Amino acid sequence: MHRAFKSAVVAAALIPAALIATPDVASAASNGYAWACWIKPGSATNGGCAKFYADGDTLRVWDYTADGWGTRAQIQKLLPDSNGVMHWVNHSSDCFDDTSTSNTNKGATVCNYNVTEGIQVRVHVWASHSGTTAYHIYSPSITA
């Protein structure tokens, strides 16, 4: 009985430490922004990134490589269909940046949108080149 009690006390002491040490896969939510970057398979660097700021509803898009591929990003929102099933739907037109885009915001193209407060949103980022798209990726969701 004494050994079982001692094991239970040790386990109870270790559980909070394990929870603290476990990273949160959606940590962007607590920071008020969500971001994602696309990368070509086998590449060592990101081709482009996008970051959505819930406070101000701005989407910033960066294209990092002069490789012919531009970076596109779009806000998506989680909404129910007519049957109540939740789906990600496009909220906005896409925001575009490439290395030849002239901008004054630290190399980013900035697009402003009006997003309803309290809904779940995420960022869809992808590469585009002459009508072809590739390397699609999605950010964790945050509350707008």
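If the condition is being under 22 Å from Met86 (Cβ atoms), assigned to a strand (DSSP E or B) and not polar (S, T, N, Q), then the range 97-125 contributes Val121, Arg122, Val123, His124, Val125.
Here the condition is being modelled with pLDDT of 95 or more, surrounded by 15 or more Cβ atoms within 10 Å (Cβ to Cβ), at negative phi and touching a strand residue (DSSP E or B) at 6+ places or on another chain (Cβ under 9 Å); of His87, His124, His136, it holds for His124 alone. The single residue among Thr116, Thr101, Thr109, Thr71 that is closer than 17 Å to Gly47 by Cα and free of Cβ contacts under 8 Å to residues at least 40 places away in the same chain turns out to be Thr101.
Would you pick out the residues in the range 127-144 that are touching a residue at least 40 places away in the same chain (Cβ under 8 Å) and not in a loop (DSSP other than H, G, I, E, B)? Within the range 127-144, Ala127, Ser128, His129, Thr133, Ala134, Tyr135, His136, Ile137, Tyr138, Ile142, Thr143 meet the criteria. Taken over the range 80-96, the criterion of being in a strand (DSSP E or B) and closer than 18 Å to Ala34 by Cα is satisfied by Trp88, Val89, Asn90, Cys95, Phe96.
Among the residues making up the range 40-71, those that are over 13 Å from Tyr113 (Cβ atoms), in contact with a strand residue (DSSP E or B) (Cβ under 7 Å, 6 or more places away or on another chain) and in a loop (DSSP other than H, G, I, E, B) are Lys40, Asn46, Gly47, Tyr64, Gly68, Trp69. Condition test on Ala73, is it at pLDDT below 95 and of a type in the set (A, V, I, L, M)? For Ala73, the condition - at pLDDT below 95 and of a type in the set (A, V, I, L, M) - is not met. Ala54 fulfils the conditions (1) in contact with a His (Cβ under 7 Å, 6 or more places away or on another chain); (2) in contact (Cβ under 8 Å) with a residue 24 or more places away in the chain except for a single criterion, (1). Scanning the range 72-84 for residues that are closer than 18 Å to Tyr53 by Cα and either exposed (fewer than 11 other Cβ atoms within 10 Å of the Cβ) or not small (Gly, Ala, Ser) (or both) returns Arg72, Gln74, Ile75, Gln76, Lys77, Leu78.
The values are calculated or read from the model by the stated rules, or taken from the named source; none is laboratory data. Everything quoted here is computed from the prediction, not taken from an experiment. Don't worry about glycine lacking a Cβ; one is built from the backbone with ideal geometry, like all the others, and counts go over all protein chains shown.
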